[in-house]
Structure formats: structure tokens, C-alpha cells
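I have placed the structure first, in the form of C-alpha cells, so that the comments after it can refer back to it.
The values are calculated or read from the model by the stated rules, or taken from the named source; none is laboratory data. This one's a predicted model, so the numbers in the text were calculated from it and none came from an experiment. Cβ placement follows ideal geometry from the backbone for every residue including glycine, while neighbour counts extend to all protein chains displayed.
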């Protein structure tokens, strides 16, 4: 099956710093990637939809200036958490949809962010 | 808005069958999914079903869809300890759009 990787898998940072999370589709081209956030014992909440070569579409309540998304190529999307605060601590998961089999989304392993 | 509901916990003995249930509200749901998440890991797609199907079977997994009642279930036959995980039901109303997830059912398998 299709493989999606995320880097880093775990990051601890100080409050006020910025953190970049990468999402890569390893064996297919992903025209669309999705960024989700998962709180403990909660479901996944969609943050934004990222289309290659265009601006991301953010869900209501998600600050686009705080969560910067760049989808510069068909295999890479990045999420940058700017000026991170402790309340940004969470599990961030990306998913990717290819050009074939549009109904299937493949998820990355997730990135655990802890802001001190 | 769309909503997906699941029971939060299920406990079974090894070798028994597990049935995880899910209900959804969006009548235009086209694709319905089951994902598995092990501790600290991402989501693994187990199976999905198109809304014009009633049943889909894949080895130990059987998905049943009652579109009239907007009810989806996942049956795991001969449940093993390795099946212990959180199982998420999800739906989308169009191919390629973001998924709406339930809160997940924690399956605990005892030997």
C-alpha cells in the first residue's frame, strides 16, 4: 500500500519557538494532503486541506497565520507551528490522497508536539 | 453538521468475534471507512465501503452497512491480542475530501 511519512515523529520545544513538521508521500504523488490534530482520547479534527501549488484551505477556528502550510511539491507538505504555546501541544497527523483511487487517504504516523 | 458516533470501549476475549458499531448523520455519505490506531502511532486504513454496498468482507474483517439507518459495523472474527487498538469510523461525502471521524472505539482483547 501507499506510504506516508512524517518527520519528526516527536518534538519538544520552548514556548515562542516555531516548529516545522514534514509530511511526505513516499511512493505516490499526492495532489491533496490533509492536516489533522488529535487531542488525547479525542477524535481527529481536520485543520486544513493542502493542494499542491495553491494556498491551503483552513477549517473554521484554525488560525492560518499560526499554522502555516506549504505544499510545494506533489510529495511534500509542511506544517509550521509558529510561536508555539503549550496549548499547541498535540498529536498532528497528515494524510495524503493520490491522483488514482481518490477515495483512499493514507495517513502518516503522526508527530507528537510538546511545547514547554 | 455531520456527526459520527461510536461507542467508546469494547472488551472481548481472544478468539471471540468483536463487533464495533458506528452511526453517522450525513445522508450524502458516499464512502465509509474503518481505521485502526495503535498507541502512539498513526492511522492504518483497514477497509472502506462505498455507500451502494451492503457488505464487504476482507479476511477476518466484515463490514456491514445499513444505509437506511445510517449504521456501519466492523466485525473482527477470531479476535487476537494484536487487534487491541482504537478503531475509528469515518465518512466522506465525496471522493478525495477530508474525512469526518468518530471519537474512536478502544478495543481491549484479553487472553
- Any residue at all in segment A:53-69 that is surrounded by fewer than 16 Cβ atoms within 10 Å (Cβ to Cβ), in contact (Cβ under 8 Å) with a residue 60 or more places away in the chain and within 14 Å of chain B (Cβ to nearest Cβ)? no
- Note on the structure: Of the candidates A:116, A:46, A:76, the one satisfying the condition of being touching a strand residue (DSSP E or B) at 6+ places or on another chain (Cβ under 6 Å) and away from every other protein chain (no Cβ under 14 Å) is A:76
- Residue under evaluation residue A:17, criteria (1) in contact (Cβ under 8 Å) with a residue 40 or more places away in the chain; (2) in contact with a strand residue (DSSP E or B) (Cβ under 6 Å, 6 or more places away or on another chain), criterion not met: (2)
- Message: If I ask for residues that are over 15 Å from the mean Cα position of the chain (by Cα) and over 20 Å from residue A:104 (Cα atoms), which ones from segment B:28-61 would you list?
- Response: B:39, B:40
- Query: Name the pairs whose Cβ atoms lie under 9 Å apart, with the first residue in segment A:25-47 and free of Cβ contacts under 8 Å to residues at least 12 places away in the same chain, the second part of a loop (DSSP other than H, G, I, E, B) and surrounded by 19 or more Cβ atoms within 10 Å (Cβ to Cβ), and 6 or more positions between them or separate chains?
  - Reply: A:41/B:104; A:42/B:104; A:43/B:102; A:43/B:104
- Task: Please verify whether segment B:44-53 includes one or more residues that are part of a strand (DSSP E or B) and free of Cβ contacts under 8 Å to residues at least 12 places away in the same chain.
- Result: yes
- Selection from segment B:57-81 of residues that are surrounded by fewer than 17 Cβ atoms within 10 Å (Cβ to Cβ), touching a strand residue (DSSP E or B) at 6+ places or on another chain (Cβ under 9 Å) and free of Cβ contacts under 8 Å to residues at least 24 places away in the same chain: B:57, B:58, B:60, B:66
- Would you mind stating whether residue A:20 is on the phi < 0 side of the Ramachandran plot, surrounded by 13 or more Cβ atoms within 10 Å (Cβ to Cβ) and in contact with a helix residue (DSSP H, G or I) (Cβ under 9 Å, 6 or more places away or on another chain)? no
- residue B:41: within 14 Å of chain A (Cβ to nearest Cβ) and in a strand (DSSP E or B), yes or no? no
- Task: Would you mind stating whether residue B:15 is within 14 Å of chain A (Cβ to nearest Cβ) and at positive phi?
- Result: no
- For segment A:22-73, enumerate the residues that are closer than 26 Å to residue B:105 by Cα, part of a strand (DSSP E or B) and more than 10 Å from the chain's Cα centre (by Cα). A:38, A:44, A:45
- Query: If you check residue B:84 against the conditions, is it at pLDDT 95 or above and away from chain A (no Cβ under 14 Å)?
  - Reply: yes
- Query: How many of the residues in segment B:1-38 are surrounded by fewer than 17 Cβ atoms within 10 Å (Cβ to Cβ) and assigned to a loop (DSSP other than H, G, I, E, B)?
  - Reply: 15
